[in-house]
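Each reported figure results from applying straightforward, stated rules to the coordinates on display, with no laboratory input. The model shown is predicted, which means the values in this text are computed figures rather than measured ones. Note that each Cβ is placed from the backbone with ideal geometry, even for glycine, and that neighbours are counted across all protein chains shown.
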């Protein structure tokens, strides 16, 4: 039975390279594992906020790669609803389609994973 | 310890060896797990963790040399030290083959660390009982 792997994104998109390299890791693992779940929690929700202008701060614009989740069959993409609300971000402002979860639902989903990687 | 009690661990090390304590904790975890009779399937270095694979790391004599410690432990207990190639190249960790390929004058990957792809992480994740991230 394939292991359920959860990848948790908690960092803002460009202060460190964690977000971009976690995305590389997610896309690569999806080739080997079809039970990936991806979580965006806390400042991690900023990774999904539309209209990054990464090149103006000498960073790579990785948002187009987020749109490859569909192509890579990464379907379980979850966003913490309270993290969005705290930052006054609406679902319409997100660059990809995701499922909103309450804190309790996030906890439940995290508990269901066999392995977690957190960035 | 009977075989049924032996846990197969894989480690994912993302901490910078010079500035994050997690890099040292990972080594200590490995040593403790092995001492308790458990098995290490392998260690995968990612993000700033790949810097651990440089043989140019030269701490002061009263500080711990993490690359030396990892290399000795891995050789003694026969587990692989896998280093993500793309994370490595952007941080200046290069082996002989990549140096030739990229026309670089030097390389610095320490033995027995090996450059490998994220597929190796998938492999380590699949064949362990527990994946622990540092």
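Annotations for the structure displayed:
- Which of B:41, B:10, B:24 has the fewest Cβ neighbours within 10 Å, and the rest in rising order: B:24, B:41, B:10
- Percent antiparallel among DSSP beta bridges (both partners in chain B, rounded to 5): 5
- Each of A:114, A:18, B:103 has some number of other Cβ atoms within 10 Å of its Cβ, and from fewest to most they run B:103, A:114, A:18.
- Under 16 Å from a label point set 7 Å out along the Cα-to-Cβ vector of residue A:110, the amide N atoms of region A:36-52 belong to A:37-45.
- Sorted by Cβ neighbour density within 10 Å, fewest at the top, the residues A:82, B:116: A:82, B:116
- For the residues of A:11-23, the average number of beta carbons from a partner chain within 10 Å of their own beta carbon is 2.
- Peptide A:74-80 is shielded by partner chain Cβ atoms: per residue, an average of 0 of them sit within 10 Å of its Cβ.
- Shielding of peptide B:120-128 by partners, expressed as the average count of other chain Cβ atoms within 10 Å per residue Cβ, is 4.
- Cα-projected label distance for residue B:65 with residue B:100, points at 7 Å along beta-carbon direction, nm: 2.8
- Separation between Cα centres of region B:64-134 and region A:1-37, rounded to whole Å: 19
- A Förster radius of 25 Å combined with the Cβ-Cβ distance from residue A:4 to residue B:34 puts the calculated FRET efficiency at roughly 0.35.
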